[in-house]
């Protein structure tokens, strides 16, 4: 019998491409501070969720983009990646972190305010 596959946690993919994280596009946002906050929360989660960055994910007109990817268990329960747009303030980060800490897509519903920020990745 083969060993069970390693558990993959919920993962936050933070866009840091052409528009996301650009102080010229969103000068009132502490982009570096937000990324540091997400990483610190993940480090303190005991492996409950992870954070990584990516080059441009699009849709640029809705920057900053954070994709909340389901864990392996969340995916097995029907969870799919959720694209959050306009993640520019502490309230957005609070909601994203709350959802990730609760398990993310497939395991927990997003906070109601965050549902208003979900975007279609095909729209740029």
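Data overview
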{"quantity": "Length-normalised contact order of the range 11-115 in % [C-alpha pairs under 8 Å, at least 6 apart]", "calculated": "30"}
{"quantity": "For 49, 86, order by how many other beta-carbon atoms lie within 10 Å, fewest first", "calculated": "86, 49"}
{"quantity": "Ratio Rg/Rh, restricted to the chain and using Cα atoms, in which Rh is the Kirkwood radius", "calculated": "0.98"}
{"quantity": "FRET E, pair residue 77, residue 113, Förster distance 22 Å, beta-carbon r, rounded to 0.05", "calculated": "0.40"}
{"quantity": "Gap separating the Cα centres of the range 1-64 and the range 65-124, nearest whole Å", "calculated": "11"}
{"quantity": "Antiparallel bridge percentage (DSSP; both residues within the chain; nearest 5)", "calculated": "55"}
{"quantity": "Least to most buried among 115, 53 (fewest other Cβ within 10 Å first)", "calculated": "115, 53"}
{"quantity": "Taking 18, 60 and counting other C-beta atoms within 10 Å, the order from fewest to most", "calculated": "18, 60"}
{"quantity": "Angle in degrees between helix 31-43 and the longest Cα principal axis of the chain, rounded to the nearest 10", "calculated": "10"}
{"quantity": "Principal-axis tilt of helix 90-101 within the chain, Cα atoms, nearest 10 degrees", "calculated": "10"}
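Quick note: the coordinates plus some simple rules give every number you see, no bench work behind them. Remember, it's a predicted structure, so these values are computed and weren't measured experimentally. When we count neighbours, we look across all protein chains shown, and the Cβ atoms used for this are built from the backbone with ideal geometry, even at glycine.
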